[in-house]
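First comes the structure, then the notes that go with it.
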Amino acid sequence: MLPLECLQCNEQAEIADVVGDPSWVARLADLGVQSGAQLRMVAPGTTCLFELGQCRLCLRTDPSNCIYVRPLSESARASV
């Protein structure tokens with residue numbers, strides 16, 4: 001498990017946990033950013049861009065809020 005911003009470009013992952021301010025966590029859940037969802041990193045970094053379903057989302061790193069992910073294995077990537 002690692003922070004979202006540590007993914008490489010085009011790397012796919014499953015969201016393991018979203019932690020931080022409850023209103024921030026709830027807002028992300030409204031957008032589909034929640035445990036079990038799969039995403040693909042488009043542009044990594046402290047301000048990252050990722051695809052989740054048919055949407056692209058951009059987030060800035062904040063030490064008090066974090067999205068933790070599990071990179072997908074090669075076999076799991078084929079099903080995303």
Exercise for review: Per DSSP H run of n ≥ 4, the term is -39500 (n - 2.57); total these for the chain, divide by its residue number, and report the mean residue ellipticity at 222 nm rounded to 500 deg cm²/dmol.
Suggested key: -4000 deg cm²/dmol
Practice item. Report, as a whole number in µm² per second, the diffusion coefficient that Stokes-Einstein gives for segment 20-70 at 4 °C and 1.567 mPa s using the Kirkwood radius over alpha carbon pairs. Key: 114 µm²/s
**Study point:** Solvent-accessible area per residue, Å², over the chain with all protein chains present [probe radius 1.4 Å]
**Key:** 59 Å²
Check your understanding: Just Ala13, Ala29, Ala43 to compare: in a GNM of the chain, with alpha carbon springs under 10 Å, which one fluctuates most?
Key -> Ala29
Study note, to complete from the structure: Computed about the Cα centre, the charge dipole of the chain from +1 Lys/Arg and -1 Asp/Glu charges at the Cβ has a magnitude in debye, to the nearest 20, of 140 debye
Exercise for review: Give me the percent of the accessible area of the chain that comes from carbon and sulfur atoms, probe 1.4 Å, all protein chains in place.
Suggested key: 51 percent
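The values are calculated or read from the model by the stated rules, or taken from the named source; none is laboratory data. Nothing here was measured: the structure is a model prediction, and the numbers come from that model. Positions of Cβ are backbone-derived with ideal geometry, glycine not excepted, and every protein chain shown enters the neighbour counts. Ligands, DNA and RNA are excluded from the accessible area calculation, which covers all protein heavy atoms including side chains. Shrake-Rupley method; radii C 1.70, N 1.55, O 1.52, S 1.80 Å.
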